[in-house]
Each structure stands twice: as C-alpha cells, then as structure tokens.
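Asker: Here it is, the structure in full.
The values are calculated or read from the model by the stated rules, or taken from the named source; none is laboratory data. Note that the coordinates shown come from a computational prediction; the quantities given were computed from them, not determined experimentally. The accessibility values were calculated without ligands, DNA or RNA, using every heavy atom of the protein model including side chains. Shrake-Rupley method; radii C 1.70, N 1.55, O 1.52, S 1.80 Å.
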Amino acid sequence: RIGRPLSWAVDGFDLDPASGAEPVPIADQRYTEADDGLAQPWHGDVFLNPPWTSEDSDGTPKRRWLRKARNEAQRDAVDTMIVLLPAATEAGWFRDHMWGAPALCFVGPGRIPFIGEDRNPSFPLAIAAFGDVPAALLDVLDSFGVVVTPGNVYDPHPQTTLHEATNEH
C-alpha cells in the first residue's frame, strides 16, 4: 500500500530492479534475481525495495544495492529513484547512503502494510528519494511520516510570520 501512492506521484514507475517477492508488479519493467538488477542499467522512475536480509553484520547486500542506486540516480537515464528499507539509522549502510538522499521519509507513526501481506512490518521503515524529487512526491512522502530534506524537515504548510506590533501611534 506504500508503493501505489508513490507510483502515482511520479506518473508510474518504469523499473523495479529488485523484483520478485511482490504479488502485484509496481513497475512496467522488472528485474528478478535471475536478471541480476545490480548488473543491469536502470532507467526512468525507479522503485527499489532491495533484499533486506544481511549476509553479514555490516549489511553488505544493502550497501551494494544502495551504492548502485545512488550511482544510477546520477545518470541521465534515471529520473527519480525511490528506495524503501528499514529505518535502521544506527547501521553504517543507512548513514552512508540513505542520509544522502534529497528527501528521506521516516514512516510513522504506525506501520504501513505491503500488498499481499496480512500483517504490518514489525520495524520502522524509511523511504529515500534520489534524483528529481517533484513536489507531488514530497506531499505523498509527507502523508506517510516525517520528511527530511537537506537541512530541513519538510513542511507542506509552513506557518506564515506574523508582523510584530510596533509602538508607533
């Protein structure tokens, strides 16, 4: 249920390079484990929900996917890159890659279930947006939780400043 509003915000995802576990495709093109999305070039608006399991304690698989995502987001062939992972702010892979996103959403309060799942994840989620981050995407992210942009917490409705009263008569 998290992917559909994100998809609408970018007028549909073109590619899901780590596909295979979801019952309903989120993108027009998908790379499965057999296709090896890490070895393929990415394009358009990309939704990445990489494997969450760690083969070792430093999160090496996540690091590989995040390194690839950040590199691909710099290419002209990629417009917007959305990355969904656990909000493991203490992890090196999170600090090294997720914090560098132009927009980072900490989902909550509460949890958002995945399509085809009968339960919510038991851990907090984070959504990073790289490349072009349109205002519509920021608004969708804001509906999921707190959005941090470089140096700011995103606020779609900033408070206007009240003029100070003067002592002039």
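Asker: If amide H atoms are built 1.01 Å from N in the plane of the peptide, which residues on other chains or at least 5 residues away come under 5 Å of the amide H of residue 30?
Answerer: 16
Asker: Residue by residue through the stretch 25-32, what is 3J(HN,Hα) from phi via Karplus (6.51 cos²θ - 1.76 cosθ + 1.60, θ = phi - 60°)? Round to whole Hz and write x for glycine and proline.
Answerer: Once θ is set to phi - 60°, the couplings for the stretch 25-32 become x, 9, 10, 4, 10, 9, 10, 9 Hz.
Asker: Here's a follow-up. When ligands, DNA and RNA are left out and all protein chains stay put, how many square angstrom of accessible area per residue does the stretch 11-93 have with a 1.4 Å probe?
Answerer: Each residue of the stretch 11-93 exposes 49 Å² on average to a 1.4 Å probe.
Asker: Something else now. From the phi of every residue in the stretch 130-135, what ³J(HN,Hα) in whole Hz does the Karplus formula 6.51 cos²θ - 1.76 cosθ + 1.60 yield, where θ is phi - 60° and glycine or proline is x?
Answerer: 10, x, 6, 10, x, 4
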